[in-house]
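Accompanying notes for the structure given below.
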Amino acid sequence: IGVAALTAPVAAQHSTVSAVAANPNDATEIWVTNRDNNSVSVVDTSTNTTTAEIAVGIKPRSLAFSPDGSQVFVVNKRGNVPHDVSFVQPVLGFSGTEVRGSLSVIDVNSQSVVNTLPDTEVGVEPYGVAVAPNGMYFAVTGFRSGWITLFDVATQTQLVRHDFNADLN
């Protein structure tokens, strides 16, 4: 019986949380990325309950609130590419329509995704997102593409992109 208890599968509610941000307009609300189930959870800290779970792209990595707290920008490391598909061997299951990273824009009031920026804008396997202190732009790093891109907060359009040199020697 003891061995069976140790080897039985355990149901996980949310696996890996990779980022957390506090809602600037509600001190009791925390938003977290759930990397293993491709979502963002909203947690009410006053009741210790999850009040919403919002589906985003695959492997959400980081998130940041807009300056006014009306939107959340979420970086999705794999865009729409399933976990079991490898970028190294693109012949295996790739159709040519893959988005290899994305950024989901969530409206805080409706708790729904209102815009998605693809890899051509945010880079391949984006990693981080940060909003400027002046609230005018947000920055997204494209890990595999070697980009950092600045976007206008209000329109989510690209302002400027910097490509890092592949060989810094």
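What is the local net charge at Arg61, summed over the other residues whose Cβ is closer than 14 Å to its Cβ (Lys, Arg +1; Asp, Glu -1)?
Around Arg61, the charge tally is +3.
I want the local charge near Ile148. Using Cβ-Cβ distances under 12 Å, sum +1 for each Lys or Arg and -1 for each Asp or Glu among the other residues.
0
Around Gln71, under 13 Å between beta carbons, what's the net of Lys plus Arg minus Asp minus Glu among the other residues?
Neighbour charge sum, excluding Gln71 itself: -3.
Above 17 angstrom, tally the Cα pairs of the range 22-78 and express them as a % of all pairs, no decimals.
For the range 22-78, the fraction of Cα-Cα distances above 17 Å is 35 percent.
From the phi of every residue in the range 65-76, what ³J(HN,Hα) in whole Hz does the Karplus formula 6.51 cos²θ - 1.76 cosθ + 1.60 yield, where θ is phi - 60° and glycine or proline is x?
Each residue of the range 65-76 in turn: 7, 5, x, 8, x, 8, 9, 10, 9, 10, 8, 10 Hz.
Since every read-out is calculated from the coordinates, none of them should be taken as a lab result. Quick caveat: nothing in here was measured; it's all calculated off a predicted structure. We place every Cβ from the backbone using ideal geometry, glycine too, and count neighbours over all the protein chains shown.
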